[in-house]
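Working notes for the structure below.
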Ligand code: NAI
């Protein structure tokens, strides 16, 4: 058994963390041989609930957990951490637009960026889940200049999982038969879930999703709309935002970053853009990435149709606006 790594979860008393913590503790993210010390950050009114969560961590009786730190102080939470799940933020409620959340939430990520900069390991891997996730990740990175920009990512894996599952369901297949679905852009209703380069595989064959489904109208209409608005649909039904599936997506994202992707396949992550696919530089934009040695690389050479190009531009425009608003809030 190796040395334990330190993993911070913010919003540790919240509903996503409630599922996420048990999966980290179980070895689903960093492997079943990697011990962990959990750093749990939340705000003062949540400390009673967090105390209960810590009691349950004890009661999970999982051998990989070598300890936990429960705190309201970013300097304690981020001290020497190897990985960070930044979940804590104000969640979107029914009828609320993501934009309303922006000014409240980016300030949290400014403070946490500064704390990561000062206290975390320089190779810390940061996954931002709290919304607006892409822009929060950008702000966090901006205030942590001593940590490489590549180490800050935003979660669009839930969107990818939703899209993959919807395609599999439509075809009556298992999700594992659907490969290389891409989410482009913002984790918002402007995101572009793209299956043009995705394939459906069985034991001995591989066929494009477009050929398999053979209904371009659905693929470029209802399918996209359904994925873009899935978060709102879950809120309407559950009166609370996606939590179980969001936690699972965070696990998928960090596990693949830690352990790599299979050859020939890619996943979607909000990462710092470098101009690939005509996306403006220096946005945290969801792109197809392949991963090895804990380093992600943007997958190059995918076919972008005119239909797709339009959608890529639209979501970039929203991210540029969010960036501008966020910077104004932080500088005020
Ligand atoms: P929740 O309200 O159940 O939990 C959030 C927790 O964060 C609360 O315990 C709260 O006290 C805490 N918190 C607030 N400010 C904090 C701060 N400054 N530092 C530390 N903790 C703080 O919300 P839930 O459902 O767990 O969602 C968390 C976030 O994840 C929301 O912003 C939500 O919109 C976002 N989300 C993102 C998804 C994605 O795909 N990127 C999917 C689903 C949710």
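Worth a mention:
- At q = 0.12, 0.14, 0.15, 0.17 Å⁻¹ the log10 of I(q)/I(0) for the stretch 188-324 amounts to -0.58, -0.81, -0.94, -1.21, computed by Debye summation with a single uniform scatterer per C-alpha, solvent ignored.
- Percentage, to the nearest whole number, of Cα pairs in the stretch 104-205 over 20 Å apart: 49 percent
- Percent of alpha-carbon pairs separated by more than 16 Å within the stretch 166-205: 42 percent
- Residue with peak Gaussian network fluctuation, the chain [Cα springs, cutoff 10 Å], from 166, 249, 115: 166
- Solvent-free Debye scattering, log10 I(q)/I(0), computed from the Cα coordinates of the stretch 1-90 at q = 0.18, 0.24 Å⁻¹: -0.70, -1.26
- Between helix 244-259 and the chain: long-axis angle, C-alpha atoms, 0 to 90°, nearest 10: 90 degrees
- If you take the Cα centroid of the stretch 182-197 and the Cα centroid of the stretch 44-80, the two points sit 35 Å apart.
- Efficiency of FRET between residue 310 and residue 274 - r from beta-carbon atoms, R0 25 angstrom, step 0.05: 0.70
- Beta bridge orientation in the chain: antiparallel %, DSSP, nearest 5: 45 percent
- Across the chain, Cα pairs under 8 Å and at least six residues apart give a relative contact order of 17 percent.
- Here the mean projected area of the convex hull built on the C-alpha positions of the chain is 16.8 nm².
- Between the Cα long axis of helix 133-142 and the first principal axis of the chain there is an angle of about 60°, rounded to the nearest 10.
- Short-range pairs are left out: with C-alpha atoms under 8 Å and at least six residues apart, the relative contact order of the stretch 246-332 is 24 percent.
- All Cα pairs of the stretch 253-332, percent lying beyond 16 Å: 57 percent
- Relative contact order %, the stretch 1-83, counting alpha carbon pairs below 8 Å whose residues are six or more apart: 40 percent
- From the alpha carbon centroid of the stretch 99-176 to that of the stretch 270-317 is 15 Å.
- Evaluating kT/(6 pi eta Rh) at 25 °C and 0.890 mPa s, with the Kirkwood radius of the stretch 36-182 over Cα pairs in the Stokes-Einstein relation, gives 143 µm² s⁻¹.
- Rounded to 0.05, the FRET efficiency of the residue 321 and residue 204 pair, given R0 = 35 Å and the Cβ-Cβ distance, is 0.15.
- Label-zone membership for the stretch 4-38, site residue 122, 7 angstrom Cα→C-beta point, backbone N under 19 Å: 6
Values quoted throughout were computed directly from the atomic coordinates according to the rules given, and no laboratory measurement underlies them. The structure displayed is predicted, hence computed values, not measured ones. Note that we place each Cβ from the backbone using ideal geometry, even for glycine, and neighbour counts take in every protein chain shown.
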